[in-house]
Amino acid sequence: MSTKDSPQQEDKHIVASSDVENGLQDLGKSIDFASEANEAIFGAPEDVIDSIDDNNMENGRVFCVDDPPDGLGGNENSVEEKAEGSEASLVSMGGATQTDEEIDRAALEALTNIIKNEPQDYTEEEEAVMRDGKEFYTKCNASKKFKNLKSPDPRVKMKFIHLEGESQGTGIVEAVVDATVAECVAYEFIKDSRERQAKLGKKYKAIETKKLNGHSQLYLNRRSLGVRGLSDREWRSFICWQKEEGDKVCWTVYKDTDMLNKDFPMDSGTVLASAAFTWMFEALTTTGGVHQTRVTFASKVDIKGSVPSFVMNRLSTRQASNMIELRKKFDKSKEIDGFKLLQTVDIINNEIQDYTDEEEALINDGKKFYMDCKTSKKFKNLKSPDPRVKIKLIHLEGESQGIAICEAVVDASLAECVSYEFIKDSRERQAKLGKKYKAIETKKLNGHSQLYLNRRSLGVRGLSDREWRSFICWQKEEGDKVCWTVYKDTDMLNKDFPMNSRTVLASATTTWMFEALTTTGGVPQTRVTFASKVDIKGSVPSFVMNRLSTGYASNMLELRKKFHQSDDKIDRAALEYLANIIKNEPQDYTKEEEVAIRKGKKFYEKCKVEENFDDLKSPDERVKMKLVHVDGESVVSGVATTVVDASVEECAAYECSKLDNREDTKNAKERDGITFLKVIKVNPHTIYYVTTRELGLPGFSPRDGRSKVTWFKQDDGKVIIDVRDTEELHKDYSVKAGNILVKIHTVWVFEPLDPIGDVLQTSVTFTTKVDLGGVFYSSIMNKIAPRFLAQVSDLRKKFDRSKEIDAFKRQQIIEKLEEIAIEGAPGIESHFDEIDGAQEISSGLPGQTLIKAEKGMGWGKTSITVRTSHKEVAAFFWGLKSEAESQLVIHRVNNKTFVITVEHKRHLTAAKFCKVDQNKTEVVLVIRQESLGKAASKKSVIKHLGVATDAAYYFDNILKSTEAREQDGKRFGDQLMERVK
């Protein structure tokens, strides 16, 4: 290659050598880019080079990625210097610091205001530019010779245009933007924003602008093609915007210019490219208060020279980048979808619908299909990707196709569920084009019916796409408690959307049933079920069908997740709802229910007074457990007692509601071995409870439970829950083959106690007798029993408010200490003097620890800082020691120091609490004891000194995050490591 070659000639040499190696025969000739390759060469000049994948140019040998130097006119400005200049994220203006985002927003608002409110005067040259731009746009838009192109954004439409007499391909890109015309024009017009400057060295090699007036500017941008040996391309444009009368339409036109040549001479290594470019902004009707603007641009770009086809092909997927940036800048999809959803909800709730005979027939056929599926006894449960969504495969007599039934409970009203399922053209669904969907088209017929087309890939190479064309209609039943939506195949879309020869027309019959349930604590609930028969036509491998079977539930999953409320919120609402009923709503009981409650109380009283029992080791020190042997009973009964920090109504409501609450049912299998669970509500105070559970013991069959649960509130405020086995469910829920039916009788008794401060207290007794069937050794029963009794511990932990109770008790102790503290303490400091022979040890305790241990005597001293007031620490220490049979004395040494001494059977403890500041205390603890051996003395002293550490850890754990300091981090880490040990 000659060193005298121009940049254009240089490009041609590279193309020739590259394409020969790829098998092309037209060496040295201009490559015809008027077909597929040239489809990439349109869009704003900024768009053209942006999409080259520098790392994947496998189609030729000219693929080395290069980062040419930045700056105009050569190599004097390094990449680092440019980057440094564009990195500043904070700018001081008028004494105030602004971020890049704030600066860009202010500039956008200023230009938007000019476009909206300030009249503009245009020169003859500007008027001519606008006329030429509009004429070019009109020609492009009217052309019948075009090819639709695949867009990287499903909401941005692209097509490639062939204009008569033009050798260059022309492109049109269109989108709807969630903003005003003025906002769209302003954002597109501002070329020197901080956002664009941040792309220097990445997207851009250089950006320069020169403002001429409020509506015109000069614009230069240079980019690399991303291939070593190909010269940079530079565009120099005159840009002008102009509104039409009425402010509904605005135009922006780009035209090549030489007006920047004097200020910015061309670099000898750069090729000057060319562009003709027109944007049209058209105001649309607002949607739910959100402004809408249709934005379209037509562009013809000549990047000059010959460029390898593989480079051109790399451009084809991203030519609309500026339009995509504009759309995303103002995207308000959530607001738009939310408004459309509310519109449809309002129609379903409030507008009376008139149905044609055809629509009525469609609904009736859909209901019949659904009922046939629901009553079928031939089915197989399928594994669902969501445990809250149940799926089963149904076989109907005379049908060769399997039918899927899917069911879930959704945290939304019936109308919301119907609306979300009915709206097929939402922004949310459009965003899935190219992923889940290949095409979505809808045609609304009226408020309750529409036509719907969707095309999808089967995800297997060689299998054609499948397309479904459906007539969809919804209809409510009287009372608004039930609504149906039915899908039926239709040919009513064939004229508007002819079938693609490479696509297979599939078939589907689907019926949705929406049933309003009782509102849970203000959160509406709807049971949603659909039955669907799908024929995808043709021969499809079984592994594809198996994959599709789990995909039946995808729409149901989307619906459930759309309205999903947190498990905790729903469970809490259900608990509060039932607690309010127990507290405030009188109940009417049947004779059978009254008998059950009487028998339950009798069983409880028997176990309560029985003296023949064995204590069980409880995993919770605040829950007492025992096995009671009642005379005349062959099966022992388990009893667990505790005190819960909640009202009797909350305790009872929790135990009833947790049988089918979300959190417990989600963990039922892992925690309790439950593999099947069904709750049937009879009335507000009675439910049926059906379970199958694994015992977790090798060789033992699963156990089935069929129970009736009834709660009853007495006049004295006690609440009784009786749980007993019942035969009323055996017909509908027969015992599974190989399983064993258990016999169970459980009684909960909740008795109100006096509150501690403002924390309500309830005494809880849980009494249960379970006959698991079969023969169990006592060792096995002793293992199983604590698992059943552990429900009491779960209840206690659910409402545990120990911190509030401890704080209340400490406040009481502080008030007491203020009264009993002995003023002055002569000689009290001598307790803290070090003794001869004491040695510092590494005991795992924070702070300095001294120990002296010998036969008959042990002494120890430690000091630690506690993050709370000295009165709080003294009260904490007093509360611990007052539980033992000890003589406690408190001394007030001065306004900042307390000393507590504890004497007990040749054991002295002295603790000093010195105020450092309002929320920090220095604690010094001394232990002295007698009569133990040397080793025992040392061990005992270290153990008792640990009280100081306990105090520090306790108050660290209740420390607010806003109060924690950097130096606290190490201590928190030490605490964590101690727990891990």
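The values are calculated or read from the model by the stated rules, or taken from the named source; none is laboratory data. Since the model is a prediction, treat every value here as computed from it, not as a measurement. Cβ atoms come from the backbone with ideal geometry, glycine included; neighbour counts cover every protein chain shown.
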(message) Restricting to region 212-239, count the residues that are more than 45 Å from the chain's Cα centre (by Cα) and hydrophobic (A, V, I, L, M, F, W, C).
(response) 4
(request) Only residues in region 927-938 that are more than 12 Å from Ile851 (Cα to Cα) and free of Cβ contacts under 8 Å to residues at least 12 places away in the same chain count as the first member; pair them with residues that are of a type in the set (Lys, Arg) and assigned to a strand (DSSP E or B), Cβ under 8 angstrom, at least 6 apart or cross-chain, and list the lot. (result) none
(request) Looking only at region 736-755, count how many residues are modelled with pLDDT under 95 and more than 15 Å from Glu655 (Cβ to Cβ). (result) 9
(request) Please state which of the following conditions Val623 fails to meet, knowing it meets all the rest: (1) surrounded by fewer than 18 Cβ atoms within 10 Å (Cβ to Cβ); (2) modelled with pLDDT of 90 or more. (result) (1)
(request) Would you mind finding the one in Thr909, Thr949, Thr901, Thr897 that is among the hydroxyl-bearing types (Ser, Thr, Tyr), crowded, with 18+ Cβ neighbours inside 10 Å and farther than 30 Å from Lys855 by Cβ? (result) Thr897
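Conditions (1) closer than 25 Å to Lys803 by Cα; (2) out of contact with any helix residue (DSSP H, G or I) (no Cβ under 6 Å at 6 or more places or on another chain), marked per residue:
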position: Gly856; (1), (2): no, yes
position: Gly860; (1), (2): no, no
position: Gln887; (1), (2): no, yes
position: Lys896; (1), (2): no, yes
position: Arg906; (1), (2): no, yes
position: Val916; (1), (2): yes, yes
position: Val923; (1), (2): yes, no
(request) Give the residue that is nearest to Ala186 (Cα to Cα), with candidates limited to residues of region 242-284 that are among the hydroxyl-bearing types (Ser, Thr, Tyr) and modelled with pLDDT of 95 or more. (result) Thr252
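Residues are listed down the side, and each one gets a yes or a no for (1) assigned by TED's automatic domain parsing to the domain that holds Val253; (2) in contact with a Phe, Trp or Tyr (Cβ under 9 Å, 6 or more places away or on another chain); (3) modelled with pLDDT under 90:
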position	(1), (2), (3)
Gly305	yes, no, yes
Phe310	yes, yes, yes
Leu315	yes, no, yes
Arg318	yes, no, yes
Asn322	yes, yes, yes
Ile336	no, no, no
Gln353	no, yes, no
Asp365	no, no, no
Tyr370	no, yes, no
(message) Go through region 721-750 and report how many residues are surrounded by fewer than 21 Cβ atoms within 10 Å (Cβ to Cβ) and closer than 12 Å to Ile597 by Cβ.
(response) 1
(message) Quick check on this structure: which one of Ser886, Ser869, Ser931 is surrounded by fewer than 22 Cβ atoms within 10 Å (Cβ to Cβ), modelled with pLDDT under 90 and within 20 Å of Ile822 (Cα to Cα)?
(response) Ser886
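If you take the residues of region 135-165 that are over 47 Å from the mean Cα position of the chain (by Cα) and surrounded by 15 or more Cβ atoms within 10 Å (Cβ to Cβ), which of them is farthest from Thr180 (Cα to Cα)?
Leu163
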(request) Could you please find all residues in region 236-248 being of a type in the set (D, E, K, R) and crowded, with 20+ Cβ neighbours inside 10 Å? (result) Arg236
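If a residue counts only when it is touching a Phe, Trp or Tyr at 6+ places or on another chain (Cβ under 8 Å), farther than 26 Å from Arg810 by Cβ and charged (D, E, K, R), which strands (runs of 3 or more DSSP E) contained entirely in region 834-945 have at least 1 such residues? Talk me through it step by step, then tell me what you get.
Values: elements: 849-854, 857-866, 887-894, 897-903, 907-917, 920-930.
Those strands (runs of 3 or more DSSP E) span 849-854, 920-930.
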(message) Can you say whether Ala128 is among the small types (Gly, Ala, Ser), under 15 Å from Ile172 (Cβ atoms) and more than 38 Å from the chain's Cα centre (by Cα), as far as the supplied structure shows?
(response) no
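Is at least one residue of region 479-491 hydroxyl-bearing (Ser, Thr, Tyr) and in a loop (DSSP other than H, G, I, E, B)?
yes
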(request) Working only within region 372-389, note down all residues that are buried (at least 17 other Cβ atoms within 10 Å of the Cβ) and modelled with pLDDT of 90 or more. (result) Cys373, Val389
(request) Please indicate, with yes or no, whether at least one residue in region 249-264 is touching a His at 6+ places or on another chain (Cβ under 9 Å), of a type outside the set (Val, Ile, Thr), surrounded by 17 or more Cβ atoms within 10 Å (Cβ to Cβ) and within 20 Å of Glu126 (Cβ to Cβ). (result) no
(request) Take the residues in region 157-189 that are outside any loop (DSSP other than H, G, I, E, B) and among the acidic types (Asp, Glu), then tell me which one is nearest to Lys147 (Cα to Cα). (result) Glu174
(request) Under 8 Å between Cβ atoms, at least 6 apart or on separate chains: pull out the pairs that start in region 198-227 with a residue that is outside the structural domain of Lys243 (by TED's automatic domain parsing) and end on any residue that is of a type in the set (A, V, I, L, M). (result) none
(request) Would you check which residues across region 821-845 are over 19 Å from Lys938 (Cβ atoms) and either in contact with a Leu (Cβ under 8 Å, 6 or more places away or on another chain) or surrounded by 12 or more Cβ atoms within 10 Å (Cβ to Cβ) (or both) and list them? (result) Ala821, Ile822, Ala825, Ile828, Glu829, His831, Phe832
(request) Hey, can you tell me all the residues within region 436-481 that are among the hydrophobic types (A, V, I, L, M, F, W, C) and out of contact with any Phe, Trp or Tyr (no Cβ under 7 Å at 6 or more places or on another chain)? (result) Ala439, Ile440, Leu445, Leu458, Val460, Leu463, Trp468, Phe471, Cys473
(message) Show the residue pairs meeting these rules: Cβ distance below 7 Å; 6+ apart or different chains; first residue within region 239-257 and farther than 15 Å from Thr209 by Cβ; second residue of a type in the set (S, T, N, Q) and modelled with pLDDT under 95.
(response) Asp256/Ser274
(message) Let me confirm something: among Ile161, Ile239, Ile207, Ile172, which residue is β-branched (Val, Ile, Thr) and modelled with pLDDT of 95 or more?
(response) Ile239
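Looking only at strands (runs of 3 or more DSSP E) that fall completely inside region 504-617, which ones have 2 or more residues that are of a type in the set (A, V, I, L, M)?
Hits in region 504-617: 507-516, 526-535.
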(message) Being of a type in the set (A, V, I, L, M, F, W, C), assigned by TED's automatic domain parsing to the domain that holds Gln353 and surrounded by fewer than 18 Cβ atoms within 10 Å (Cβ to Cβ): is that true of Val523 here?
(response) yes
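Let's see how each residue does on (1) touching a Leu at 6+ places or on another chain (Cβ under 6 Å); (2) surrounded by 15 or more Cβ atoms within 10 Å (Cβ to Cβ); (3) not assigned by TED's automatic domain parsing to the domain that holds Ala361:
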site	(1), (2), (3)
Leu458	no, yes, no
Trp468	no, yes, no
Cys473	yes, yes, no
Lys481	no, no, no
(request) Just one of (1) outside any strand (DSSP E or B); (2) at pLDDT below 95; (3) within 29 Å of Leu695 (Cβ to Cβ) trips up Lys809, so point out which. (result) (3)
(request) Please specify each residue of region 582-612 satisfying the condition of being β-branched (Val, Ile, Thr) and either modelled with pLDDT under 95 or touching a helix residue (DSSP H, G or I) at 6+ places or on another chain (Cβ under 7 Å) (or both). (result) Ile582, Val609
